[in-house]
Amino acid sequence: AQERYASLRNLPAQARCGTTISLHMNAGLMADLPSLEGSGAEGVGLFRTELQFLIRNQVPKRGELAALYARVLDAAKGRRVAFRTLDIGSDKVLPYMKPQDEPNPAMGWRAIRLGLDKPGVMRMQLQALIRAANGRPLTVMFPFVAQLEEYTQARDHLMRALDTEGRLGHTLPSKIEVGAMLETPSLAFAPRKFFELADFVSIGGNDLKQFFFAADRENERVRRRYDTLNVSFLGLIEQIVRRCGETGTPLSFCGEDAGRPIEALCIAAMGLRTLSMRPASIGPVKHLLRRVDLGEARSVIDAAREAGAQSVRSAVMDWLTTQG
Ligand code: PEP
Ligand code: MG
């Protein structure tokens, strides 16, 4: 199987209907970067920056981070890297952070909430990213944005950091893209202005699903209870596709489900054109996408929804057995 996928490496994830899906990889450590070449990923759709903070025993220095991010961009050789700012909370406790005693850490003071309330570290991180780009394009993605204002405030921090860096004489990025992760259902219903202001939106399906079904992604008893292909969840994805479509906002999906072939196929059939996943999933996902017609897949999904199915999985699996 490994060889079969290797032979697909330089081929596009083009479905039979002619639609091409752009496949990117998720990363978080320097050690992940060599996979960019091996996997055939078009870029890094999600770079989880918190790993660099978790493996240290003090807040990394700005210069250290800038050097590290610069090496990431060097390794990407011009491919796009979406740097996600710190997604830390009381569940992912930094050894040097005062532990917060929160009853519900996943819904607590985490990610962008912490970043906006105590902006020191986020500002330092944004400056490090700008310095790392050093005249190259820069893509920044804010995690766990639940409402418009969190996005505008985070974006303002980035704009101010650009100002500061410019005044300090650093070369600014040639191009800036700022986006938000859609990880809470609320953001799917945000004012149109959010979709106008965001340069892109990326669905963090792991968290989105957890909050949509109110089912803890860490809790073995409930985490597999609700299928990603549940018609309600697909309805939410349909809503997000529609909202982004109204404003022409580029949309991607970067949760674990993007790396599961059947799920990836259904997400693409709902209208997603960019998926980001662990590098090893790119081959299997591409292999399946190239075998199918996305319009037909969508008809199968819609027929199952109309027939009152709870999940479209069995209908899609049955249909797949009829495909070459
Ligand atoms: C997600 O929530 O889907 C996501 C990509 O972010 P993380 O898994 O790091 O929370
Ligand atoms: Mg998340």
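Here is a list: ILE88, ILE112. Which entry is buried (at least 16 other Cβ atoms within 10 Å of the Cβ) and assigned to a loop (DSSP other than H, G, I, E, B)?
Numbers: ILE112 fails: assigned to a loop (DSSP other than H, G, I, E, B).
The match here is ILE88.
Which count do you get for residues in the stretch 156-175 that are without any contact (Cβ under 8 Å) to a residue 24 or more places away in the chain and not basic (Lys, Arg)? Qualifying residue count, the stretch 156-175: 6. Restricting to the stretch 176-200, name every residue that is within 15 Å of ligand 2 (Cβ to nearest atom), touching a Phe, Trp or Tyr at 6+ places or on another chain (Cβ under 8 Å) and touching a residue at least 40 places away in the same chain (Cβ under 8 Å). Those that are within 15 Å of ligand 2 (Cβ to nearest atom), touching a Phe, Trp or Tyr at 6+ places or on another chain (Cβ under 8 Å) and touching a residue at least 40 places away in the same chain (Cβ under 8 Å): GLY179, MET181, GLU183, THR184, PRO185, LEU187.
Is it true that GLN58 is surrounded by fewer than 18 Cβ atoms within 10 Å (Cβ to Cβ), in contact with a Pro (Cβ under 9 Å, 6 or more places away or on another chain) and either modelled with pLDDT of 90 or more or assigned to a loop (DSSP other than H, G, I, E, B) (or both)? Don't jump to the end; show me each part of the working.
On the way: surrounded by fewer than 18 Cβ atoms within 10 Å (Cβ to Cβ): yes; in contact with a Pro (Cβ under 9 Å, 6 or more places away or on another chain): yes; either modelled with pLDDT of 90 or more or assigned to a loop (DSSP other than H, G, I, E, B) (or both): yes.
For GLN58, the condition - surrounded by fewer than 18 Cβ atoms within 10 Å (Cβ to Cβ), in contact with a Pro (Cβ under 9 Å, 6 or more places away or on another chain) and either modelled with pLDDT of 90 or more or assigned to a loop (DSSP other than H, G, I, E, B) (or both) - is met.
For the stretch 250-288, enumerate the residues that are among the small types (Gly, Ala, Ser), out of contact with any Lys or Arg (no Cβ under 6 Å at 6 or more places or on another chain), farther than 14 Å from LEU229 by Cβ and surrounded by 19 or more Cβ atoms within 10 Å (Cβ to Cβ). Before the answer, list the steps.
As a first pass, look at the stretch 250-288 and keep what is among the small types (Gly, Ala, Ser): 252, 255, 258-259, 264, 268-269, 271, 276, 280-281, 283.
Next, only the ones that are out of contact with any Lys or Arg (no Cβ under 6 Å at 6 or more places or on another chain) stay: 252, 255, 258, 264, 268, 271, 276, 280-281, 283.
Checking the rest, the ones that are also farther than 14 Å from LEU229 by Cβ come to 252, 271, 276, 280-281, 283.
Residues satisfying the conditions are SER252, SER276, SER281, GLY283.
Those helices (runs of 4 or more DSSP H) of the stretch 201-276 in which 2 or more residues are within 13 Å of ligand 1 (Cβ to nearest atom) and touching a residue at least 40 places away in the same chain (Cβ under 8 Å) occupy 205-213.
The values are calculated or read from the model by the stated rules, or taken from the named source; none is laboratory data. Small disclaimer: the values here were computed from a predicted structure and weren't measured. When we count neighbours, we look across all protein chains shown, and the Cβ atoms used for this are built from the backbone with ideal geometry, even at glycine.
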